[in-house]
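Okay, structure first, notes after.
The values are calculated or read from the model by the stated rules, or taken from the named source; none is laboratory data. What you see is a predicted model, and the numbers here were worked out from it, not measured in a lab. Cβ placement follows ideal geometry from the backbone for every residue including glycine, while neighbour counts extend to all protein chains displayed. SASA here: full protein model, heavy atoms, side chains in, ligands and nucleic acids out. Shrake-Rupley method; radii C 1.70, N 1.55, O 1.52, S 1.80 Å.
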Amino acid sequence: MANPVLVEVLRGDLVESVHRGAVVVVDGDGKQVWAMGDAQQQVFPRSAVKAIQALPFVESGTADAYGFGDRELALACSSHSGEVAHAELANAMLAKAGLDVDALECGAHWPSNHGATIALARSGASPSALHNNCSGKHSAFVCTCRHLGIAHQGYVRPEHRFQEMVRETMEAVTGARHDEANRGIDGCSIPTFAVPLQNLALGFARMVTGNGLGADRAGAARRLMSACMSEPFLVAGTDRADTELMQTAPGRIFVKVGAEGVFCAAVPELGLGIALKCDDGAGRAAEVMIAAALARLLAADEALSGTMKKAANPVLRNWNGIEVASLRPSAAFG
């Protein structure tokens with residue numbers, strides 16, 4: 001099925017471009033509450049599922065063994081902007097386990113935050129793996145290997161015991177098959193698996209309700225969700241949609257971006273998980289989609305819903321600061 005137009009881009013009063021996609025909302029029992037487009041669409045969630053991938057970090061006792069709290073747990077779930085606080089915390093996590101940046105196999109890149117890149121360049125330093133947007137997750141991975149006595153070298157490979165743990169966890173929480181047939185390689189070099197949007201939404205509904213997870217896993221999930229909502233800056237960074245949306249409703253919503261126009265989210269008070277994909281991979285459209293979806297789900301809270309609606313209708317300005325275009329959710333959102 002062709003997915004509907006979910007976002008329109010206007011220049012003046014005319015629609016200049018459109019973005020198609022799919023959104024699905026599921027409760028903790030797996031019941032579909034609301035959907036637009038193909039809920040069974042196979043999607044690589046990429047970084048949107050980091051909170052689920054972080055479950056072994058907590059379940060294994062690693063986080064407690066090294067004295068990690070909400071800040072470290074949030075960074076383990078992050079796609080951060082490489083700002084100083086992000087890189088320093090990742091480094092501190094490694095140090096607690098007797099490791100350093102050389103243990104990370106995610107690769108190095110300049111911070112995605114412009115200011116952080118300028119500051120790093122002016123200092124004469126080069127970017128390291130600590131500045132990689134996935135360094136928090138990878139630090140959690142190697143810390144877990146160290147705590148469990150697993151050799152961390154090669155931890156990004158599908159056959160490594162730790163990646164097997166992550167794969168088994170993802171499969172159990174989402175209820176979707178994760179194997180070689182639907183496996184790809186993520187930007188940070190670990191395996192990523194294409195699964196239906198419906199299952200991604202179910203995974204996050206389970207993360208906030210605990211349904212079907214068992215007591216220990218449900219407790220670990222609650223800790224990770226709570227940490228992300230308590231430390232939204234560490235989940236993403238300055239001027240990032242994940243951070244800003246969570247900051248508008250402290251402790252009430254979880255939001256996590258994935259590459260290529262994917263978002264996963266959860267509303268704990270409603271026991272709902274959300275997953276969406278912008279067909280063309282446009283991040284700007286995916287941000288409109290997640291804000292519009294949250295506005296609809298939180299309609300009973302007029303003030304919060306209004307804030308989300310504003311986020312779903314951003315204005316675009318040119319280099320002279322002149323308003324030149326805008327984005328809006330399509331009529332499909334109701």
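Observations on the structure shown:
- Taking a quarter of the surface of the Cα convex hull of region 83-178 gives a mean projected area of 7.0 nm².
- Within the accessible area of region 78-190 (1.4 Å probe), percent carbon and sulfur: 52 percent
- Where the chain is the region considered: accessible area per residue in Å², 1.4 Å probe: 40 Å²
- Under 5 Å between amide hydrogens, built in the peptide plane, is the criterion, and for T192 it picks out G184, I185, D186 among residues at least 5 positions away or on other chains.
- Karplus-derived 3J(HN,Hα), 6.51/-1.76/1.60, for each residue of region 184-193, Hz, glycine and proline x: x, 10, 6, x, 9, 5, 8, x, 9, 10
- Taking a ≥ b ≥ c as the square roots of the Cα gyration tensor eigenvalues, region 232-334 comes out rounded, since a/c falls below 1.5.
- Cα-based reach from K277 at 28 Å (exclusive), listing lysines while leaving out same-chain residues under 8 positions away: K31, K50, K137, K256, K309, K310
- Gaussian network model of the chain, Cα within-10 Å springs - most flexible of Q40, Q53, Q198: Q40
- Candidates A125, A292, A241: whichever shows maximal mean-square fluctuation once the chain is modelled as a Gaussian network with Cα springs under 10 Å: A125
- Carbon and sulfur %, accessible surface of region 276-334 computed with the full protein complex present, 1.4 Å: 52 percent
- Gyration tensor (alpha-carbon) shape descriptor, region 63-107, a/c threshold 1.5: oblate
- For region 1-92, the spread of Cα positions along the three principal axes, ordered from largest to smallest, is 54, 38, 19 Å.
- For G115, neighbours were defined as the other residues whose beta-carbon sits under 12 Å from its Cβ, and their charges (Lys and Arg +1, Asp and Glu -1) total -1.
- Unmatched cysteines, the chain - criterion: no other Cβ of a Cys under 4.7 angstrom: C77, C143, C145, C228, C264, C278
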